[in-house]
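Visitor: Handing you this structure, nothing more for now.
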Amino acid sequence: MQLGKYSLGIGDRFSHQGVAQLRGIIKANQSGVEISPVWNKSNREHIYVHSYPADVRKEADAAVTTLGFSGKYFVDADHINMGTVAPFVETADFFTLDVASFIGKESLEDEVKAFVASCSKYVGKLSIPGIDHTIEVSEELIAAIAHKFLAATQQASEIYTFLKGKKGEGNFITEVSMDEVETPQTPVDLFFILKMLADKGVPAQTIAPKFTGRFNKGVDYKGNVEQFAKEFEEDVLVIDYAVKEFGLPEELKLSVHSGSDKFTIYPIMAGIIKKYDKGIHVKTAGTTWLEEVIGLAMAGGEALDAAKFIYINALGRKEELCAPYADVIDIDDSKLPSAEEVVGWSSEKFANTLRHIPDHLDYNPNFRQLIHVAYKVASEMGTNYTDLLKKHSEVIGKCVEENIYERHLKRLFNL
Ligand SMILES: [Zn+2]
């Protein structure tokens with residue numbers, strides 16, 4: 001089973017937007033690219049909205065049938081580990097092995113030594129084709145990387161072996177993710193991590209490192225764009241070299257857990273993958289939930305009231321809702337509109353404040369980030385919320401489709 005060169009992760013909290021998301025991808029594919037949709041949902045999201053892995057499979061299959069989509073598509077058990085993988089085994093065919101919590105865990109000294117010994121040919125000035133400078137590699141550096149990452153790659157191997165036993169070799173896509181940590185992995189870290197994965201027989205098709213900068217949820221990239229570009233380009237070249245050196249799957253590519261909406265760096269990524277003719281996987285999720293709220297606001301009446309309720313309720317429970325996202329949101333409280341103010345807003349005012357059009361005068365990233373974490377409020381509304389999604393599916397679907405195509409795919413694939 002192969003993922004294909006270009007793929008987009010489309011998370012959908014409440015599983016109502018599969019068709020609209022797929023319409024956005026089909027629209028992009030009509031202009032000549034071939035992007036495979038991957039419906040991703042983590043265990044954490046399932047817990048928050050009380051959904052089950054089988055729901056995602058149903059949503060994906062139904063969307064594909066409805067639109068007669070004939071391309072490849074996948075269902076991603078996002079950010080699973082040994083403790084959470086079991087309920088995903090049957091219905092997912094893409095597994096994101098999250099081994100971030102094993103980074104820095106001690107490995108046996110003998111294993112570290114054996115790894116360092118196996119890397120002797122890379123000691124000295126390591127030259128990676130395409131990178132214009134050599135990298136100084138010492139045994140100490142390799143040992144430090146081994147101490148940091150051997151346990152994590154061992155964990156990836158254990159989850160992969162478990163899945164292989166359950167699903168059979170070649171019947172699923174393997175991603176290894178290390179993005180949910182504070183410190184970015186450097187290109188040289190990535191090179192040796194890939195060797196560890198190859199040594200342990202993990203046939204990763206995608207790898208999600210932590211990149212430099214902040215990938216806050218639902219808003220643009222924050223950080224040093226030039227440094228990101230350099231790191232991203234070097235990662236692409238490292239992967240290319242590692243595939244040949246270590247015999248990893250030919251199709252191995254970067255997976256960017258974007259947190260959605262990284263408009264500044266999408267064109268940079270597009271330029272680099274085009275330059276080297278490489279593939280990419282980009283995960284989004286929260287952006288579709290935000291479009292649902294925009295769609296509700298646009299629908300007016302009781303739907304607009306529901307959108308206002310979600311914001312006002314979230315404003316009162318800001319600390320509670322933001323706590324699990326502390327590392328991936330940055331809200332300036334002084335820029336959040338008050339409940340009294342929002343009550344009086346029109347559909348347009350609400351939608352324009354929330355919609356991610358960076359240079360729109362009403363756009364407010366603080367408002368947007370608070371709504372991002374407020375899906376718990378919608379979840380608590382139960383069928384009151386999902387009934388509104390059904391009732392206003394047309395206007396919401398248009399928002400979802402436009403967002404995936406116009407704001408994400410056009411920038412990501414230079415369309
Ligand atoms: Zn992630």
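Visitor: Quick one: which residues, 5+ away or cross-chain, put their amide H under 5 Å from the amide H of Gly218? H built at 1.01 Å from N.
Guide: Amide H to amide H, under 5 Å and 5 or more residues apart or across chains, Gly218 pairs with Ser260.
Visitor: Another question, if that's okay. Could you work out [θ]222 nm for the chain from helices alone, using -39500 (n - 2.57) per DSSP H run of at least four and dividing by all its residues? Round to the nearest 500 deg cm²/dmol.
Guide: Calculated at 222 nm, the ellipticity per residue is -15000 deg cm²/dmol.
Visitor: Cross-link candidates for Lys164: which lysines have Cα within less than 25 Å, leaving aside residues fewer than 8 places away along the same chain?
Guide: Lys5, Lys41, Lys58, Lys72, Lys105, Lys195, Lys200, Lys244, Lys253, Lys283
Visitor: Related question: How big is the dipole moment of the stretch 329-412 about its Cα centre under a simple scheme where the beta carbon of each Lys and Arg is +1, that of each Asp and Glu is -1, and everything else is neutral? Debye, nearest 20, please. Spell out each step's value before the answer.
Guide: On the way: 11 positive and 14 negative charges, 67 e Å.
The calculated dipole for the stretch 329-412 is roughly 320 debye.
Visitor: On a full-extension model of 0.36 nm per residue, what is the gain between Phe246 and Ser70, subtracting their alpha-carbon distance, rounded to one decimal in nm? Working shown, then result.
Guide: Values: separation 176, 0.36 × 176 = 63.36 nm, distance 3.37 nm.
Length difference between fully extended and current span is 60.0 nm.
Visitor: Could you check how much of the accessible area of the stretch 248-369 is carbon and sulfur, as a whole percent, using a 1.4 Å probe?
Guide: About 53 percent, which is the carbon plus sulfur part of the accessible surface.
Visitor: Can you give me the convex hull volume of the Cα atoms of the stretch 344-415, divided per residue and expressed in Å³? All intermediate terms of the calculation are to be shown ahead of the outcome.
Guide: Details: hull volume 8.8 nm³, N = 72.
Once divided by residue count, the hull of the stretch 344-415 is 122 Å³.
Visitor: For a quick check: with amide H placed at 1.01 Å from N, whose amide H comes under 5 Å from Ile10's, ignoring anything fewer than 5 positions away on the same chain?
Guide: Residues meeting the amide H criterion: Val38, Trp39, Asn40, Thr284.
Visitor: With a cap of 13 neighbouring Cβ atoms within 10 Å, and only residues DSSP puts in a loop, list the GluC sites (Glu not before Pro) found in the stretch 60-160.
Guide: Listed in order of number, the matching sites are Glu90, Glu106.
Visitor: In terms of modelled amide H atoms, which long-range or inter-chain residues lie less than 5 Å from the amide H of His257?
Guide: Lys283
Visitor: Another question about this same structure. For the stretch 66-147, which whole percent of the accessible surface, found with a 1.4 angstrom probe, sits on carbon and sulfur atoms?
Guide: Heavy-atom surface of the stretch 66-147 belonging to carbon and sulfur, 1.4 Å probe: 55 percent.
Visitor: Hey, what do the phi angles of the stretch 64-71 turn into as Karplus ³J(HN,Hα) couplings, whole Hz, using 6.51/-1.76/1.60 and θ = phi - 60°, x for Gly and Pro?
Guide: Result, ordered by residue: 5, 5, 4, 9, x, 6, 9, x Hz.
Visitor: Considering the Cα trace of the chain, what is its radius of gyration and what is Dmax, both in angstroms?
Guide: 21.6, 68
Visitor: Residue by residue through the stretch 36-45, which ³J(HN,Hα) values in whole Hz follow from phi under the Karplus form 6.51 cos²θ - 1.76 cosθ + 1.60 (θ = phi - 60°), with glycine and proline marked x?
Guide: After applying 6.51 cos²θ - 1.76 cosθ + 1.60, I find 8, x, 10, 7, 10, 7, 8, 4, 4, 5 Hz.
Visitor: Ok, one more. Relative to the first principal axis of the alpha-carbon coordinates of the chain, what is the inclination of helix 301-316, with its axis defined by its Cα atoms, in degrees from 0 to 90 and to the nearest 10?
Guide: Around 60 degrees separate the two axes.
Visitor: Rolling a 1.4 angstrom probe over the protein heavy atoms, how many square angstrom per residue are accessible across the chain? Write down the numbers at each step before the final one.
Guide: Working: 16570 Å² over 415 residues.
Value for the chain: 40 Å² per residue.
Visitor: Counting pairs of alpha carbon atoms under 8 Å apart in space and at least six apart in sequence, what relative contact order in percent does the stretch 1-131 give?
Guide: Values: 146 pairs, mean separation 27.8, N = 131.
Worked out over the stretch 1-131, it gives 21 percent.
Visitor: Among residues other than Ser51 whose Cβ falls under 11 Å from its Cβ, what is the net charge (Lys/Arg +1, Asp/Glu -1)?
Guide: Value of the local net charge: -1.
Visitor: Quick one: net charge of Ser379's neighbours, Cβ under 15 Å, K/R +1, D/E -1?
Guide: Values: positive: Arg13, Lys41, Arg44, Arg317, Lys376; negative: Asp12, Glu45, Asp55, Glu292, Glu320, Glu380, Asp387.
My count for the surroundings of Ser379 gives -2.
Visitor: So what's the net charge close to Ser255: Lys and Arg +1, Asp and Glu -1, counting the other residues with Cβ under 14 Å from its Cβ? Write out the running numbers ahead of the final one.
Guide: On the way: positive: Lys5, Lys210, Lys253, Lys262, Lys278, Lys283; negative: Asp76, Asp78, Asp98, Glu175, Asp179, Glu180, Asp235, Glu251.
Value of the local net charge: -2.
Visitor: Right, here's the next one. I'd like the Karplus ³J(HN,Hα) series for the stretch 339-348: coefficients 6.51, -1.76, 1.60, θ = phi - 60°, whole numbers in Hz, and an x wherever there's a Gly or Pro.
Guide: Each residue's phi maps through the Karplus curve to give 4, 4, 5, 5, 3, x, 6, 7, 3, 5 Hz.
Visitor: Once you compute Rg and the Kirkwood Rh from C-alpha atoms, what is the Rg to Rh ratio for the stretch 74-212?
Guide: 0.99
Visitor: Same structure again: What whole-number value in cubic angstrom gives the convex hull volume per residue for the C-alpha atoms of the stretch 148-254?
Guide: With only Cα atoms used, the stretch 148-254 gives 108 Å³ per residue.
The values are calculated or read from the model by the stated rules, or taken from the named source; none is laboratory data. Predicted model, so just to flag it, every value in this text is computed and none were measured. Glycine gets a Cβ as well: all are built from the backbone with ideal geometry, and neighbour counts include every protein chain shown. Protein only, heavy atoms only, side chains kept; ligands, DNA and RNA dropped before computing areas. Shrake-Rupley method; radii C 1.70, N 1.55, O 1.52, S 1.80 Å.
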